[in-house]
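Working notes for the structure below.
The values are calculated or read from the model by the stated rules, or taken from the named source; none is laboratory data. Because the structure is predicted, anything quoted here is derived from the model rather than measured. Neighbour counts run over all protein chains shown; Cβ positions are idealised from the backbone, glycine included. In case anyone asks, the SASA skips ligands and DNA or RNA and just uses the protein heavy atoms, side chains included. Shrake-Rupley method; radii C 1.70, N 1.55, O 1.52, S 1.80 Å.
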Amino acid sequence: MQQQTFSAAQQVGDKLAATMSAVDNFAQSITALEDKQLVPQMVEQEFNNNLDLFSLNVTFHPYKFERYTRYFSPYFERLTGVERQFNLVDYDKPDIEFSWYHRPLKEGPIWTEPYYEPQNSVLMSTYSVPFFASVEAQRNGDAPIGVVPSDVSLDYLTTSLKKLKFGLGGYGTIFSTQQNLISHPVFSFVREGENAASLSEHSEFKFLKKVQGCFVEDLTYLFFNGETMDNDEHYAACTKIPHTDWVLITRMSADMFEMDKDARRQMNIVAVSCYAAALMFAIFLLTRQRKINWTQNNISVSLILVFSTVTVLEFARSFNSIEEDSTVVITSTAQREALETSYRNRMLQMRIAEPNYVATGIYVESIEFVNANNVHLTGLVWQKLTAKQRDVIPASVNFNEAIESTITEQYRKELNDGGLVVGWYFSVITRQQFDYSKYPFDHKNIVLRLKGADLGSSIVLVPDLEAYEKLGKRDNPAMAKDIVMEE
């Protein structure tokens, strides 16, 4: 867990360091520039050439750029993927929102306290570096004549946290120097601008009261196990984000510490084989030394072979893996949010409108193997449309790989928030690619793939996690507990 926590903090720190290096170098270039009238061309050229920068700005102290120009602050940004430019004004006022200007002039390079910017609907922080009239003025300790700030989207910084595997229900979250929440897989928590004290009253953040040691100034690393946490909270750890005083808190579930079942099965089978071979070698050695006769030899070898075979069969039956290598596992809101963020970023890069994410759930009531590859399933499937979605898209669902299917609407229910739930009864026969080559050590994993019925629509189906009481590797609430299977 320590390795995962440090790795996550380092990934965020590396992205911060890349921005810091670019801004530091550019500020030094402005300082070394003899003719400051060339600054507008320089900042535009640097912004266009360095696509890793979300924004770039050069802000001169009033009247320092030109004698009769009070405010000169060309600002370029692409925080939402669309490039814009304008000139900032009033930044010399003593308002807290202009700390990116006032603090670097006194303190040197700084990261500002993260803040929510409603115009672009992003949470961001600003790295700001002072620049001087000349290199000689900097050496002489003269006062800076302006600053070079660059805004960084924290959603971009913390996307890596959402992709890390902290187990079922685990995730990473970041608090600022002033203990404000600045990163969480569910962005609505961040947008409200709450701090650790107010958040600890929510059930989602009740663990914060138990990890107060994470907010001390000299924090290096802390780990909290079951003696501190409740069973449903599993484990927590925290460390500082490099280059800042921000605190990363990671939560992990106990399944992170389970060995891979396939690997464990193979290890056990190899171990049984080695022990059996060693015992048989010992028996043959004793027989050669005539300490036991051939009858005893045959009985002993037979017993070893029978015992080994039964043990191997039991290991093969008890351990199985249900996850495919290409599967994106989503069993928590954090993982679902990570999927949507990744998908959204790809759509922006491709200049394609963001799709509608429709919450979909399924409940299987019966399974019947029709033949070697066809499986008949029945049960319920439903979709939850938000108040906004129901006005533009219809509720609809189909099954991929279905040879025969009957889908009948069973109910429609209005939600308090204006949303709509639509449920269907389904009876489908699907074609499955079962692998029988490993019989009798194989397991038949049935895969159900769902899609929106309207192929021309921009819809991505995501799991309706809130509909299930519990999700985990050992739990399958999408299947009836009293389900009857042939043989």
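Descriptive notes on the structure:
- Fraction of alpha-carbon pairs over 24 Å apart in the range 37-143 - percent: 25
- Take each peptide in 125-133, 292-300, count the other Cβ atoms within 10 Å of every residue, and average; sorted highest first, the result is 125-133, 292-300.
- Ordered by solvent-accessible area of protein heavy atoms (1.4 Å probe), largest first, the residues GLU314, GLU469 come out as GLU469, GLU314.
- The range 190-207-the range 260-298 distance, computed between alpha-carbon centres (Å): 59
- Averaged per residue, the range 30-153 has 51 square angstrom of accessible surface, using a 1.4 angstrom probe with ligands and nucleic acids left out.
- Measuring nothing but protein heavy atoms, the accessible surface of the chain at 1.4 Å probe radius is 51 percent carbon and sulfur.
- D (Stokes-Einstein, µm²/s), Kirkwood Cα radius, the chain, 1.002 mPa s at 20 °C: 78
- For the range 371-437, the set of trypsin sites (Lys or Arg not before Pro) satisfying both a DSSP loop assignment and a count of at most 16 other C-beta atoms within 10 Å is given as LYS388.
- Pairs from the list LYS209/LYS240; LYS210/LYS384; LYS413/LYS444; LYS209/LYS384; LYS388/LYS451 with a Cα-Cα gap above 30 Å: LYS210/LYS384; LYS413/LYS444; LYS209/LYS384.
- Once backbone amide H atoms are built at 1.01 Å from N, PHE131 has ILE145, GLY146, VAL147, VAL148 as its partners under 5 Å, excluding neighbours fewer than 5 places away on the same chain.
- Checking every one of the GluC sites (Glu not before Pro) in the range 368-458 against DSSP loop status and a limit of 16 other Cβ atoms within 10 Å picks out GLU401.
- Per residue accessible area of the range 348-429, 1.4 Å probe, in Å²: 55
- Most to least accessible of PHE315, PHE426 (protein chains only, probe 1.4 Å): PHE315, PHE426
- From helices alone, the chain scores -9500 deg cm²/dmol at 222 nm; the rule is -39500 (n - 2.57) for each run of n ≥ 4 DSSP H residues, then divide by the residue total.
- For the range 1-72, alpha-carbon Rg relative to the globular expectation (2.2 N^0.38 Å, N residues): 1.51
- Among the GluC sites (Glu not before Pro) within the range 47-109, those in coil by DSSP and having at most 14 neighbouring Cβ atoms inside 10 Å are GLU83.
- Most to least packed among 264-272, 110-118 [average Cβ atoms within 10 Å]: 110-118, 264-272
- Dividing the convex hull volume of the alpha-carbon atoms in the range 303-426 by its residue count gives 202 Å³ per residue.
- For the range 33-89, the C-alpha radius of gyration divided by 2.2 N^0.38 Å, with N the number of residues, is 1.17.
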